[in-house]
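Single-structure report; data block below.
What follows draws every value from the coordinates through simple rules; no lab data is involved. The model shown is predicted, which means the values in this text are computed figures rather than measured ones. Here the Cβ is made from the backbone with ideal geometry for all residues, glycine too, and neighbour counts use every protein chain on show.
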Amino acid sequence: MEDRVADLRGLRIEETQIDKAYLKNVNLRWATFRDVGFKNARFVNCNLSQAKFEDCYLRRAQFEKCDLVNSHFDSCDFSQAAIAESRIDFASFAHCEIGLGNIRFRHDASAQAMVRVCRSLKQNAISMGNFADAGHLTYLEKSHERRALQGRGEWARWLGSLAQDWLWGYGEKPWRLVAFMGVNILVFGTAQYWAHALPGKACWRASSRCWRGRSASAPSAC
């Protein structure tokens, strides 16, 4: 027997507490929640697409297998909350206390959808001063963007994106560029030495001659 779905589309709730609420198979599309406490609440298989949450307290709230497509969260607290196996395509977050640890992305999400989600979360993290998550989200955004380019067959841009990732991780992993430069110096320096491209110009020889010249031209201390 299939679970019945409670239809509460367009519901509007303001300035109340619904702590420890358990909502399963509820259609809350277009619902609006303003200044509502959902501490320890649990949403299971709920349709929250195009819903709006404003100034809501979602501490330790659980969203499991929910549809959060095009939902809007503004100034909400997601401390210790979890969004798991839920669709969050086109969802937007602004001035929210939410980190990467609060979200488990679906494995079947499209690359383009992930680009939009990561971009929204990145902008939110920057606005909240969480630059560690912002950097990681920038890398995720660019990585999924590369997947999207591959899916569309835009190979020139895909190769350019791949090169940026290898060289310096889209600016988020500068140590890669330092390592790349070090390898280049080592490889080309070794090749130049073995090919005798500059005979008699080895660094140690030049330094030795320079030192002998200085010693000879220096006035005697006596």
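Numbers at a glance
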read-out: Gyration tensor (Cα) of the range 1-47, equivalent ellipsoid semi-axes in angstrom; value: 20, 14, 6
read-out: Aspartates and glutamates whose Cα lies under 13 Å from that of LYS142, excluding same-chain neighbours fewer than 8 positions away; value: ASP165, GLU172
read-out: Selection from PHE43, LEU186, TYR170 lying farthest towards where the dipole of the chain points positive, charges on Cβ; value: LEU186
read-out: Angle in degrees between helix 111-127 and the longest Cα principal axis of the chain, rounded to the nearest 10; value: 80 degrees
read-out: Built amide H within the under 5 Å cut-off of LYS24, gap 5+; value: VAL44
read-out: Residues whose placed amide H lies under 5 Å from that of ILE103, excluding near-sequence neighbours; value: ILE83
read-out: Least to most buried among VAL178, VAL117, VAL36 (fewest other Cβ within 10 Å first); value: VAL178, VAL36, VAL117
read-out: Spatially proximal lysines relative to LYS20 (Cα-Cα < 27 Å; intrachain offsets below 8 disregarded); value: LYS39, LYS52, LYS65
read-out: Packing-based exposure ordering (other Cβ within 10 Å, fewest first) of HIS95, HIS144, HIS107, HIS136; value: HIS107, HIS95, HIS136, HIS144
read-out: Furthest towards positive pole of dipole, LEU159, TYR57, SER79, structure part the chain, Cβ charges; value: LEU159
read-out: Cut-off under 5 Å, modelled amide H: who pairs with THR32 long-range; value: LEU11, ARG12, ILE13, LYS52
read-out: Cβ-placed point charges (K, R +1; D, E -1), dipole of the range 1-69 about Cα centre in debye, nearest 20; value: 140 debye
read-out: Taking the convex hull of Cα positions in the chain, its mean projected area over all directions (nm²); value: 22.7 nm²
read-out: The chain: most fluctuating residue of GLY189, GLY99, GLY129 per GNM, C-alpha cutoff 10 Å; value: GLY189
